[in-house]
Each structure stands twice: as C-alpha cells, then as structure tokens.
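The values are calculated or read from the model by the stated rules, or taken from the named source; none is laboratory data. Remember, predicted model here, so these are calculated numbers, not experimental data. Counting neighbours? That spans all protein chains shown, and the Cβs are built from the backbone with ideal geometry, glycine included. The accessibility values were calculated without ligands, DNA or RNA, using every heavy atom of the protein model including side chains. Shrake-Rupley method; radii C 1.70, N 1.55, O 1.52, S 1.80 Å.
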Amino acid sequence: MDTLIMVGQLLLGLSILVGLHELGHLLTAKMFGMRVEKFSIGFPPKIIGFQWGETEYSIGAIPLGGFVKISGMVDESMDKDQLSAEPQPWEFRSKPAWQRLIVMLGGIIVNVVTGIIIFVVLVHQRGETYYSRDQVIENGIVAYEIGQQIGFQDGDKVLDINGQPYVSINELSGGEALLSSGGYYSVDRGGEVVKIDIPRGFINSFSNEESMSKFINIRFPFEIQEVAPKSAAEAIGLQKGDKIIAVNDRPIEYFNELQTSLGELKGEKAELTIQRNGEILSKTADVSEEGTIGIAINSLLSPVVKKYAIGESIAKGTQRAFGVVIVNAKALGKMFTGEVSAKNVSGPIGMAQIYGNQWDWVKFWTITGLISMILAFMNLLPIPALDGGHVMFLLYEMISGRSPSDKFLENAQKVGMVLLLALMVFAIGNDILKLFTGS
C-alpha cells in the first residue's frame with residue numbers, strides 16, 4: 001500500500017504538470033494558426049484517446065512525460081516525409097521566428113505560472129510556521145551526527161549565515177546556505193563567537209529526508225505528555241504535566257539534556273527531580289537498556305505562526321517559487337565542478353519517495369510546485385530535444401537572420417534524445433543504487 005500511495009502521488013503530480021506543460025505548447029501553437037496533430041500525456045503505446053477537430057488527444061502507457069506534435073516541426077517524431085514536402089501556411093516552420101519562439105516557451109511559461117500559483121495559494125492558506133532566529137539564540141540548538149561533523153555542539157546559538165542574519169531555523173539547512181562558496185555559520189558558544197565553516201560539498205550529506213534530521217534542531221523545554229503503560233515512569237507515578245528538572249542532581253531544562261542524561265544511565269537507576277504544580281518531588285526510576293523510562297513529551301516552545309494577506313502571499317509565493325530555480329541552478333553549476341555529487345540526481349523512484357507513503361495534500365502540492373519550477377528550469381536548458389534547445393536555435397535565427405537547416409536540426413534532435421535517454425538511465429540507476437545501499 002505504501003508503494004501504491006507513492007506511485008499514485010507521483011503519477012498524479014506528473015500528469016498535472018506534463019498536461020499543463022504540453023497545453024502551453026498547444027494553445028500558443030493554435031493561437032498562431034499552427035496545426036497540432038497530437039497531444040499526449042505519457043509516451044506510446046497509447047492507452048486511450050479521441051479525435052477533436054484536427055488534434056488527437058491521448059494518454060500513453062509510459063507516464064514519464066508527454067508531447068505535442070505540431071505540423072512542420074522537427075521533433076522527436078522525426079517525420080521526414082512531412083518535412084521533405086513544401087511548407088504549408090499552417091506549419092510550424094512557415095511561421096515567423098518570434099511566433100515559433102513563443103510556442104516553444106509556452107510550456108515553460110505555464111510550468112512557471114503553475115509553480116507560482118501553487119506556492120501563492122499555499123502561503124495564503126497555510127502561512128508559515130517556524131522557529132525564529134530569536135528563539136534559536138535564546139534556547140540554542142541540538143547538534144546531531146551531521147551537525148557535529150562540521151563542529152556544532154549542543155547549546156550553540158547560531159547568530160548568522162555568511163555574516164547575514166536569518167529569519168527561520170529552516171534557513172540553516174537550506175540550499176542557499178549549503179551551496180554557498182566559502183560559507184560559514186557564526187555561533188555564540190558560552191559568550192564566545194565561533195566560526196563554523198561549511199565544507200565544500202557539504203550538501204552531499206543531505207541525500208534524503210532522514211539525513212536532514214541528523215543535522216541540527218532547536219532545543220526546547222518540555223513537560224510529560226503521556227506515560228507508557230507498564231513502564232518505569234508509570235511504576236514511579238509520573239503524570240501528565242510533570243516536569244523533570246534534574247537527573248542525579250544534574251539540572252535539566254531542555255529535552256535533549258534529559259536524553260543525554262538517561263543515555264548515560266542505560267540499565268541503571270536514575271534519581272529524578274520532578275516539578276508538579278509548584279511542588280518538588282524526588283523519584284527513582286529504572287532506565288532501560290535503550291536509555292528511556294517510558295514517557296512522551298510535549299514541547300513548551302511555541303513556533304512563530306505568520307499569516308499573509310493576498311498581496312503579501314503573491315510576493316512571498318513568487319519569491320519561494322523562484323528560490324527553487326536559483327537553488328537548482330547553483331546545484332547544477334556545482335555538479336559540473338564536482339562539488340555537488342551526481343548521485344543527487346534522482347529519477348522516478350526517487351521522486352516517488354520524496355512524495356512519501358502518506359497522502360498529505362499540503363505536502364503533495366508543495367512537492368508538485370517544486371517539481372513544476374524544476375521542470376521549467378530543466379526544460380530551458382539549451383539541450384537539443386528540450387524546449388531550451390529549440391529556443392537556442394530560434395534565437396540564433398532571429399539574431400543572424402539565418403535558420404539552421406532541417407538536416408542540422410534533425411541531427412541535433414537525435415543527439416539531444418541520446419543525451420536525455422542517457423540521463424534518464426543514469427537517474428534510474430541512482431535510484432536503484434540508493435534502494436540497495438540506503439543512501
């Protein structure tokens with residue numbers, strides 16, 4: 001069932017985005033009087049389809065893309081017979097270069113608009129929930145495995161990133177910070193300002209969602225929310241609302257301090273100092289071999305919740321959407337220099353895993369918005385067989401006044417298709433490798 005949910009979300013997300021992308025090409029082509037022969041979501045073989053006017057609309061069995069076949073255009077169909085005939089007024093090749101350019105940009109523009117709309121709606125409906133810089137400085141952070149590797153310690157108070165203040169704790173693990181050249185965090189450690197450098201290629205440590213939880217998080221005060229039945233906590237009478245303020249006379253303020261103290265007493269007894277309704281109690285609990293006593297806790301630190309009016313949502317959502325493009329452009333550039341590992345390239349399996357095995361509509365639309373912006377960016381790359389390749393040749397034609405020959409465009413299309421197939425094989429290979437290695 002988990003796999004079905006992941007695959008279902010991926011197929012729905014891709015179908016929406018691919019359908020809208022190809023619709024952008026179709027509408028702009030028809031707007032300029034071009035004949036559109038086929039519109040397909042998914043690649044052949046065809047599952048179902050119908051004819052409406054001059055265009056056949058269909059759904060293909062391979063749900064990893066789609067296409068629009070416009071008469072007189074050199075594309076993946078390689079229809080040489082049509083191209084060898086005299087150009088007709090309704091054909092792509094008969095239209096002015098500026099019209100053809102708009103048609104090729106149509107899908108990209110629709111993906112950008114889709115991504116912006118998704119983020120604007122999410123910001124307006126959900127607002128933002130986060131722990132602020134002030135809260136991080138007041139409480140400090142917990143340093144987990146990946147954070148400790150670069151020098152973070154429990155209790156560090158992060159002042160800024162690359163000398164600039166931040167707003168949300170999420171920015172500390174954001175792409176802009178991790179991809180910065182010569183980046184660093186400034187930290188207040190016991191009254192002394194310490195510089196923690198962000199190592200070259202550090203972003204490769206964040207290969208999945210689980211790794212993000214191994215970096216850093218804010219420390220928080222706590223109280224007992226629930227006591228597990230037949231646990232050590234139940235045996236000594238701990239109750240909901242109790243606060244553990246010391247273990248073996250070691251003061252406890254934050255939950256990570258309790259975890260550390262109990263972790264040092266695995267299989268032993270712990271003297272707990274409890275605060276209950278203003279009264280101080282002492283209890284002796286047996287600590288399990290896992291370093292637990294059987295409690296669930298409630299954080300006493302409330303995150304910042306911000307709501308935005310429609311105008312603010314438009315600005316914030318647009319900023320967030322284009323932030324995705326900027327981060328991916330930086331990552332792609334650093335991939336060519338070797339700073340970002342090519343192992344981070346994911347195919348359909350990796351994308352399905354990002355959606356997750358629970359159907360959460362907020363997460364679904366957030367990821368779909370991210371993918372929409374990434375698709376727009378990737379399609380704009382000047383690679384033959386992608387929209388960006390056609391745009392590159394059209395710009396050359398508009399600047400030079402000479403269009404590349406059909407033969408050249410055919411060969412460029414073939415080269416581009418080989419490159420794309422190789423990239424797809426590489427991405428799927430990465431997915432399979434991660435499944436077996438777990439990284």
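Miscellaneous remarks
- Computed FRET value (nearest 0.05) for V304 with W52, which takes r as the C-beta separation and R₀ as 60 Å: 0.75
- Fraction of C-alpha pairs exceeding 20 angstrom in segment 344-439: 54 percent, rounded to a whole number.
- Karplus-derived 3J(HN,Hα), 6.51/-1.76/1.60, for each residue of segment 16-21, Hz, glycine and proline x: 4, 5, 5, x, 5, 4
- For segment 51-157, the relative contact order works out to 13 percent when only alpha carbon pairs closer than 8 Å and six or more residues apart are counted.
- Simple label model, 7 Å out from Cα along Cβ direction - I62 to L27, nm: 2.8
- Among K343, K157, K266: highest mean-square fluctuation, GNM of the chain, C-alpha pairs under 10 Å: K266
- Within the shell of other residues whose beta carbon sits under 13 angstrom from the beta carbon of E171, the net charge comes to -1, with Lys and Arg scored +1 and Asp and Glu -1.
- Estimated FRET transfer efficiency (D249, E312; beta-carbon r; R0 41 Å; 0.05): 0.25
- Counting Lys and Arg as +1 and Asp and Glu as -1 over every other residue whose Cβ lies under 14 Å from the Cβ of H124, the net charge comes to +3.
- Base-10 log of normalised Debye intensity for the chain (one unit scatterer per alpha-carbon) at q = 0.13, 0.14 Å⁻¹: -1.23, -1.36
- Value of relative contact order over the chain, rounded to a whole percent, pairs C-alpha under 8 Å and six or more apart: 18
- Available extension along the chain between Q88 and R200 is 34.8 nm, counting 0.36 nm per residue and deducting the alpha carbon span.
- With the simple spin-label model, which puts each label point 7 Å out from Cα in the Cβ direction, the Q164 to T3 separation comes to 4.4 nm.
- Extension gain for the segment F408 to V121, taken as residue separation times 0.36 nm less the Cα-Cα distance, is 98.9 nm to one decimal.
- When the chain is treated as a Gaussian network with alpha carbon springs shorter than 10 Å, the biggest mean-square fluctuation among I198, I245, I169 belongs to I245.
- Under 13 Å from the Q239 label point (7 Å along Cα→beta-carbon), backbone N, segment 251-292: 275-281
- Probe 1.4 Å, accessible area per residue of segment 304-439, Å²: 56
- Estimated distance in nm for a label pair at M424 and L381, the labels positioned 7 Å out from Cα along Cα-to-Cβ: 1.5
- For a label point 7 Å along the Cα-to-beta-carbon line of D286, residues of segment 199-231 with backbone N under 11 Å: 231
- For the chain, built as a Gaussian network whose Cα springs stay under 10 Å, the top-fluctuating residue of V193, V136, V74: V193
- FRET efficiency estimate (nearest 0.05) - Cβ-Cβ, R189 to R276, R0 35 angstrom: 0.55
- Volume in Å³ per residue [convex hull over Cα atoms, computed for segment 12-74]: 81
- Convex hull volume of segment 148-230 per residue (C-alpha atoms, cubic angstrom): 142
- Take the Cα radius of gyration of segment 68-188 and divide it by 2.2 N^0.38 Å, N being the number of residues; the result is 1.89.
- Solvent-accessible surface (1.4 angstrom probe) belonging to M212, in square angstrom, nearest 10: 80
- Set of lysines with alpha-carbon distance to K38 below 20 Å, sequence-local pairs under 8 removed: K30, K46, K69, K80, K95
- Under 18 Å from the Cα of K157 - lysines, other chains or at least 8 residues apart: K195, K214
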